[in-house]
Amino acid sequence: MRLSKHNDVFQAADGRVKLISTCIFVALVTMIYSWYNLVAVLFIYTIELLAMNFPIYRHLKRLMIPVFLVGIMSALMGLAAMSSGRGMEKGIIIFLRASCAVYAINAAVSSMTLPEVLYSMKVLRVPDILVNLVGFTMRYADVLSKETARMMTARKSKGYSPGKNLWHFATMKVIGQTIGVLFLRSYERSERIYFSMLSRGYTGGTMPLRETSRIRTADLVTGILIVLAPAVFKVAEMGGISWITLLK
Amino acid sequence: MDYAVEIDDLFFHHKDGTQALKGINLRIMRGRRTVILGPNGAGKSTLLLHLNGIYLPQRGRVKVLGIEVNHKNEKKLRKIAGLVFQDPDDQVFCPTVWEDVAFGPLNYNLPEEEVRKRVDEALRAVRLEGLEQKTPFHLSYGQKKRVAIAGVLALKPEIFILDEPHAFLDPSGKAELLKILNSLNDQGSSIIVATHDVNFAYEWAEDVVIMKNGIVLAQGGPDILADEKVIIEAELEYPLLVRLFKKLPEAECDKIPGSVDEAAEFLRQKMSTN
């Protein structure tokens, strides 16, 4: 999960601070209205990450699929707003906002291990059900991917080879069957997992034991840096910069 | 008599209508190594889930260390009878080895110091020290199995119940598991293992229970596995040692040896006298 890098200041920062400041970052970018301010936020945030020695290139590689999906959704929403005459601009703004959010969340999450993410969520009083959902999703994504790989190996051993395009009926049928079987197997497995949890006294939620580390000044500085760019541009949009000029 | 488990006339059917248990009557002695043998679909796993209070009797009565299995006692029972599932991927679900082993003690709201002590002890017992912060799903199958056992050990149950513990384990994994089970039994714990491995049952168990189609076919010492009628009826096979000595009537063996060591000693004596 974590993109580790030697001397990565961003990674070393406290998980709780990173999660809170990333949430504030996301909230602020959703309130920015101009596309050039959003581009500027993206640019400044990237510079900050680079300054903190974060492995930015691997991070960008990971973002390709989510940003592609965000692009499709934004294009659809832009098309829906065409009648207003500003569909294109709205689509771009939605795309930039969503991209900023995905960019920041992914940077924060990929700078932490799964236990760190879950622990930070717990400490921040995120409801148990959500924390458990995140934990189990990560845990069983691995189990399911291995299950899929086993099924594909079994198919190959019986002479199956996937077709080369989306219109290959036999391949689509096999993919459909694989997804169906995965659902069934997941259902059965989820029951067995639940039984095993019950057998160890599970009744709803547990608090992982960990040393509670103190938040350092460096952590706070990292948190401020995360929210700085969107905060400045939001204040500027609200006319805050001109107030400051008037005060002078 | 001091019983770990007492079962009278137990019936159970699954949601899909399958009648898994059809009137089980069984007594398992405390502090013993008991193996429940039977082919697939005999009802072994369903029976084990009753001993831990996961399944409650639909008809009949189950007592574990004198405590009746019912809705009121189920949480208490889960601390008394620790259950290790067949597939560790079903049982090991926390993000780190340490947290997975601590999962049970934390559910019982034990003090932090006690939780840490128990987790350390359990990890030491299964020889997994140093892997505390590892992500369980990156471990080998044998290591995951040991994490699952450590998770149960940390609850300090008096009875250890293991469902097909040898499944998918390599020989060294099996030997490692055997050592853990023997050491637990030496400390006074009752061990109940469900399996269809007749060789393991014959050499390791003190008591053997044979099940088929939801009923108990036979119960006794490991020597019942040399009984032709029982083996045929249960659709099992003779253990290797029994097969060997049944093929060697000229060895004039009154009682088939219970282990490879005993068999070797017996044959050595025979050869030296001839």
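The values are calculated or read from the model by the stated rules, or taken from the named source; none is laboratory data. Every value quoted in this text rests on a predicted model; they were computed, and no experiment measured them. So basically every Cβ, Gly included, is an ideal-geometry build from the backbone, and we count neighbours across all protein chains shown. All accessible areas refer to the heavy atoms of the entire protein, side chains included, with ligands and DNA or RNA removed. Shrake-Rupley method; radii C 1.70, N 1.55, O 1.52, S 1.80 Å.
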Ranking by accessible area, most exposed first, for A:Met73, A:Met88, A:Met138 with a 1.4 Å probe: A:Met88, A:Met73, A:Met138
Dipole of chain B, positive direction: furthest Cα of B:Phe160, B:Gly130, B:Asn107, with charges on the beta-carbon: B:Asn107
Mean separation of Cα contacts under 8 Å, 6 or more apart, over the residue count of chain B: relative contact order %: 23
Cα-projected label distance for B:Asp254 with B:Thr18, points at 7 Å along beta-carbon direction, nm: 4.6
Accessible surface ranking that places the most exposed of B:His13, A:His59 first, with a 1.4 angstrom probe: B:His13, A:His59
Principal axis box of the stretch A:98-196, alpha-carbon based, largest edge first, Å: 51, 40, 18
Average Cα contact separation per residue, the stretch B:11-161, under 8 Å, 6 or more apart, as relative contact order %: 23
Reachable lysines from A:Lys122, criterion Cα separation under 22 angstrom, eight or more residues apart if same chain: A:Lys18, B:Lys134
Label-zone membership for the stretch B:84-122, site B:Ser183, 7 angstrom Cα→C-beta point, backbone N under 19 Å: B:84, B:98, B:101-102, B:116-122
Relative contact order (percent, whole number), chain A, Cα cutoff 8 Å, 6+ residue spacing: 35
Three-way shape call for the stretch B:180-274 based on the alpha-carbon gyration tensor, with the a/c threshold at 1.5: oblate
Base-10 log of normalised Debye intensity for the stretch B:204-253 (one unit scatterer per alpha-carbon) at q = 0.21, 0.23, 0.29, 0.31 Å⁻¹: -0.76, -0.87, -1.16, -1.23
Largest-first principal axis extents of the Cα set of the stretch B:176-217 (Å): 33, 19, 13
Per principal axis, descending, Cα span of the stretch B:115-207 in whole Å: 38, 27, 17
Radius of gyration and maximum dimension Dmax of the protein assembly as shown, Cα, Å: 30.2, 116
Cross-link reach list, lysines versus B:Lys270, counting only Cα pairs under 21 Å and skipping chain neighbours closer than eight places: B:Lys246, B:Lys247, B:Lys255
Cα shape, chain B, gyration tensor, a/c 1.5 rule: oblate
Candidates B:Ile192, B:Ile36, B:Ile256: whichever shows maximal mean-square fluctuation once chain B is modelled as a Gaussian network with Cα springs under 10 Å: B:Ile256
Separation of alpha-carbon centers, the stretch B:197-274 and the stretch B:38-63, rounded to whole Å: 27
Entries in B:Lys44/B:Lys145; B:Lys72/B:Lys156; B:Lys22/B:Lys145 that, when Cα-Cα distance is taken, lie over 24 Å: B:Lys22/B:Lys145
Computed helical MRE - 222 nm, the protein assembly as shown, DSSP H runs ≥ 4 contributing -39500 (n - 2.57), nearest 500: -18000 deg cm²/dmol
Estimated distance in nm for a label pair at A:Arg58 and B:Glu112, the labels positioned 7 Å out from Cα along Cα-to-Cβ: 3.3
Lysines with Cα under 27 Å of A:Lys164, excluding same-chain neighbours fewer than 8 positions away: A:Lys61, A:Lys146, A:Lys156, A:Lys173
Chain B: most fluctuating residue of B:Lys156, B:Lys15, B:Lys44 per GNM, C-alpha cutoff 10 Å: B:Lys15
Cα shape, chain A, gyration tensor, a/c 1.5 rule: oblate
Theoretical gain in end-to-end length, A:Ile175 to A:Arg216 [0.36 nm per residue, Cα-Cα removed]: 9.8 nm
